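Enquirer: My structure is below; once you've seen it, I'll send some questions.
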Amino acid sequence: MSDIDPAVPIRAKGGDEHAFLEIVEYYYPRCLRFARNMLGNDQDAEEAVQDAFVRVHDSFPRFREDARFDPWLFRILANRCRTLMARARRHHALIEYGDLPLSASAPEEDFGADWAEEVRMVLESLPPEQKEAFLLRHVEDLSYEDIAAVTGVGLSALRMRVKRACDTLRVRLAGVEQNDR
């Protein structure tokens, strides 16, 4: 997939609904991937992405035409994901869940069989700030400067977050790999 023409967000800012639809069509899969990785469930991810696009549409008057569109969009999406994660934490703090019955947990023989699932589980265990920085850098392929624009965090702190996330992934996935042998 080639990059979107930089004129498209400017046309959308000017009220061109076809340009806005082009933005949604182009960015929706990428935004949904990021939101799924951040939130861990499809329903919340869909909600976050749809809400982010509504906010992008409504906020276009504040988009600076000399700015890059990707960081602006992902800042809006990341903020929406953070809001949904905070809501989920509050929900879990209010409702005490008991232990899952053995029949509800994954069968032991399936554990480690699917590498992507293992990566997802390790990503879920990362602190939200590390997970967000890691996903923006290594999955969404944003530069550290763009990630700083998304998160409002300094470059050295972002590099440390990504490094810690990578270190954690490396250690935990090495342990899984050894257990699979």
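The values are calculated or read from the model by the stated rules, or taken from the named source; none is laboratory data. The model shown is predicted, which means the values in this text are computed figures rather than measured ones. Neighbour counts are summed over all protein chains in view; Cβ atoms, including those assigned to glycine, are modelled from backbone coordinates with ideal geometry.
Enquirer: Being touching a residue at least 24 places away in the same chain (Cβ under 8 Å) and not in a helix (DSSP H, G or I) is the filter here; which residues of region 1-19 pass it?
Expert: Scanning region 1-19 gives 1, 4, 6.
Enquirer: Output yes when any residue across region 80-95 is at pLDDT 80 or above and touching a Phe, Trp or Tyr at 6+ places or on another chain (Cβ under 7 Å), and no when none is.
Expert: No, region 80-95 has no match at all.
Enquirer: Can you pull out the residues in region 20-50 that are free of Cβ contacts under 8 Å to residues at least 12 places away in the same chain and farther than 14 Å from residue 81 by Cα?
Expert: Within region 20-50, the subset free of Cβ contacts under 8 Å to residues at least 12 places away in the same chain is 21, 25, 29, 36, 41-43, 50.
Selection gives 21, 25, 29.
Enquirer: Does residue 47 meet the test of being of a type in the set (D, E, K, R), in the same structural domain as residue 69 (by TED's automatic domain parsing), part of a helix (DSSP H, G or I) and closer than 20 Å to residue 131 by Cα? Talk me through it step by step, then tell me what you get.
Expert: Numbers: of a type in the set (D, E, K, R): yes; in the same structural domain as residue 69 (by TED's automatic domain parsing): yes; part of a helix (DSSP H, G or I): yes; closer than 20 Å to residue 131 by Cα: yes.
For residue 47, the condition - of a type in the set (D, E, K, R), in the same structural domain as residue 69 (by TED's automatic domain parsing), part of a helix (DSSP H, G or I) and closer than 20 Å to residue 131 by Cα - is met.
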